[in-house]
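The structure under discussion appears below in the form of structure tokens.
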Amino acid sequence: MRLEIDLPEKYLLDETPEEMSRRLRLSAALLLFQQGRLSAGAACEFAAVDRYAFMEACRRYSIPVTDYEPDELDEELRTLREHL
């Protein structure tokens, strides 16, 4: 599907339209991932970036990539300790 946005040139911020398009796709993917509307894999596909680039963008914008509840994290740690 193709989606077009009418954006005044003054908002290109010294970017080409292609660069702006990539930045907007990544920003949208990050927001949808943060909201829980996209998985990490789907967000990578949406933004057309690999997992490493997406994780780096998450780090840059302080978006957690794991969503453990405290009890779940405790259980994971217990399981790891048992296997070590």
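Derivation of every value follows stated rules applied to the coordinates shown; laboratory data play no part. None of the values given here were measured: they were computed from a predicted structure. For neighbour counting, all protein chains shown are included, and Cβ atoms are generated from backbone atoms with ideal geometry for every residue, glycine included.
For the reader, a short list of remarks on this structure follows.
- Across the range 9-21, computed HN-Hα scalar couplings (Karplus, 6.51 cos²θ - 1.76 cosθ + 1.60, θ = phi - 60°) run 4, 4, 9, 5, 6, 6, 10, 6, x, 5, 5, 4, 4 Hz from first to last residue, x flagging Gly and Pro.
- This ranking places 67, 74 by how few other beta-carbon atoms lie within 10 Å of each, fewest first, which gives 67, 74.
- For the range 15-83, the gyration tensor built on C-alpha atoms gives a prolate shape. Its axis ratio a/c (a ≥ b ≥ c) is at least 1.5, and a/b is the larger of a/b and b/c.
- Unit charges at the beta carbon, dipole of the range 6-45: most positive-side option, 38, 13, 24: 38
- Along the range 63-75 the Karplus relation, 6.51 cos²θ - 1.76 cosθ + 1.60 evaluated at θ = phi - 60°, assigns HN-Hα couplings of 9, x, 9, 10, 9, 8, 6, x, 5, 5, 5, 4, 5 Hz to successive residues, with x for each Gly and Pro.
- Charge dipole (debye, nearest 20) of the chain; +1 at Cβ of Lys and Arg, -1 at Cβ of Asp and Glu: 220
- Amide H contacts under 5 Å for residue 38: 33, restricted to partners 5 or more places along the chain or on a different chain, H placed in the peptide plane at 1.01 Å from N.
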